[in-house]
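Visitor: Supplied in structure tokens, the structure appears directly below.
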Amino acid sequence: MENELLSEIRELKAAIAKLIGTSDLSPKQQFSKESLNRAAGQFQKLSIERGDWIKNDDIDKYIKNAPYGAGSFIIAEFGFSNYFKRGHTYYFYKKALIALAKELKKRNVNLERYMQYMADLVKFKKSLEDAAKNTKGKSKTKPFKLPANLKDFNTTSAKLPSADIVREDIKKLKDEFFEFTLSNYIDIYRENYAMLKEMYWFGRYLEPGLMKKCRKWCDNFNYANHALEELTKKREPFIPVKEEDMIEL
């Protein structure tokens with residue numbers, strides 16, 4: 001029984017060596033790290049030539065609205081694991097990309113817009129952090145020397161505004177949203193974050209000052225929601241449809 005098992009293992013190893021193209025090497029070299037890496041590289045090359053693997057630059061052929069940098073984004077944000085790097089180029093498994101595209105379509109997600117949203121959110125949070133630290137225009141590495149008698153120089157927390165005042169501000173912004181039909185120019189994501197729609201190439205054809213007005217509205221809305229979150233640990237949900245226009249299911 002043991003001899004039969006050893007014989008089967010030897011036959012299996014011989015078959016694998018033939019499959020990966022190392023059967024002409026000595027038994028010790030057939031499954032060396034170098035041989036296996038070389039065989040893996042050859043297999044990857046054949047898979048690429050067959051069209052099983054897609055370059056990062058070609059992702060938009062399978063995922064609609066996939067912009068530049070989509071590859072690194074889906075790896076970091078969605079945990080996409082079916083990829084490998086060959087030289088300086090990343091390759092993604094075509095079937096996995098197609099599956100991801102179907103799931104995004106099912107969830108009504110525009111990948112480019114979601115990437116813009118995440119980048120804008122990071123930028124917004126960074127601006128809040130800068131404002132809180134008041135570091136703008138100052139060098140972080142500036143040398144300093146504190147006076148020996150500098151101590152006991154502090155302050156107490158300021159009296160914060162009530163959450164109702166912030167909610168009233170948000171209500172006012174909501175009213176403006178409907179009054180000026182800002183849904184034509186602004187998207188609301190996750191019921192509490194506003195972003196200007198893409199209309200950069202049409203600015204000269206829009207009402208004078210409209211883009212500036214919409215941008216200011218977005219900043220004020222996001223600021224107010226952040227302030228409310230600081231006070232109450234939650235944001236004010238906003239569905240950009242008037243109650244009378246909603247269809248009860």
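Visitor: Report, by residue number, each residue of the stretch 77-98 that is in contact with a strand residue (DSSP E or B) (Cβ under 9 Å, 6 or more places away or on another chain) and of a type in the set (A, V, I, L, M, F, W, C).
Guide: Hits for the stretch 77-98 are 80, 84, 92, 96, 97.
Visitor: Among residues belonging to the stretch 225-249 that are in a loop (DSSP other than H, G, I, E, B) and of a type in the set (D, E, K, R), point out the one that is modelled with the highest pLDDT.
Guide: If we take residues in the stretch 225-249 being in a loop (DSSP other than H, G, I, E, B) and of a type in the set (D, E, K, R), then 233 is modelled with the highest pLDDT.
Visitor: Let me ask something else. Could you tell me whether the stretch 183-202 includes any residue that is charged (D, E, K, R), surrounded by 14 or more Cβ atoms within 10 Å (Cβ to Cβ), modelled with pLDDT of 90 or more and more than 25 Å from the chain's Cα centre (by Cα)?
Guide: No, the stretch 183-202 has no match at all.
Visitor: If the requirement is being surrounded by fewer than 17 Cβ atoms within 10 Å (Cβ to Cβ) and modelled with pLDDT of 90 or more, which of these qualifies: 131, 66, 76?
Guide: Of the residues listed, the single one that is surrounded by fewer than 17 Cβ atoms within 10 Å (Cβ to Cβ) and modelled with pLDDT of 90 or more is 76.
Visitor: Here is a further query. Given the options 87, 51, 137, name the one that is of a type in the set (Gly, Ala, Ser), touching a Lys or Arg at 6+ places or on another chain (Cβ under 8 Å), modelled with pLDDT under 85 and over 21 Å from residue 197 (Cβ atoms).
Guide: 51
Visitor: Taking the stretch 144-200, which residues are part of a helix (DSSP H, G or I) and of a type in the set (Lys, Arg)?
Guide: 167, 171, 172, 174
The values are calculated or read from the model by the stated rules, or taken from the named source; none is laboratory data. As the structure is a prediction and not an experimental result, all values here were calculated from the model. A quick note on method: Cβ atoms are made from the backbone with ideal geometry, for glycine too, and the neighbour counts reach across all protein chains shown.
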